[in-house]
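The values are calculated or read from the model by the stated rules, or taken from the named source; none is laboratory data. Everything numeric in this text was worked out from a predicted model, so none of it was measured. Backbone-built Cβ (ideal geometry, glycine too); neighbour counts: all protein chains shown. Areas reflect the complete protein model, heavy atoms only, side chains present, ligands, DNA and RNA absent. Shrake-Rupley method; radii C 1.70, N 1.55, O 1.52, S 1.80 Å.
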Amino acid sequence: MSNTWKSDAALMSTLVELRERLPIPHLQFTWAQAPVKLEDALGRTIPVPSEYGWETVEAIIRSQFSKGPGSKKVQSGDYELFNSVNGSSPISARVSMA
């Protein structure tokens, strides 16, 4: 019986040591990927998880413009999104933001 206890103690010791060696996860973002950064007409940057769907992105934008300058236009849907790399073509639900 004592050999079993020794084996169990050695196994537990090894497991504890391995757990202490695990790298600390990088928690800069809670998302799987870095967020997409939306910059509004007022110069504010809004980080949006890249995993979000179009409806959620629109809800975030409407929330950011619930009050203040531009709120009436945004709430009525009178706005467009553009890719900062190619600002000539608007982004929509059918066009990728990547």
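At a glance:
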quantity: Residues of the stretch 43-53 satisfying the condition of being open to solvent by 60 Å² or more (accessible area, probe 1.4 Å) and at pLDDT below 85; calculated: 51
quantity: Lone qualifier among 67, 73 - being outside any helix (DSSP H, G or I), at pLDDT 85 or above and open to solvent by 90 Å² or more (accessible area, probe 1.4 Å); calculated: 67
quantity: Some residue of the stretch 15-31 being modelled with pLDDT of 85 or more and either open to solvent by less than 70 Å² (accessible area, probe 1.4 Å) or closer than 20 Å to residue 80 by Cβ (or both); calculated: yes
quantity: Pair list, Cβ < 8 Å and 6+ apart or interchain, from the stretch 64-85 residues that are under 19 Å from residue 37 (Cα atoms) to residues that are basic (Lys, Arg) and in a loop (DSSP other than H, G, I, E, B); calculated: 64/44
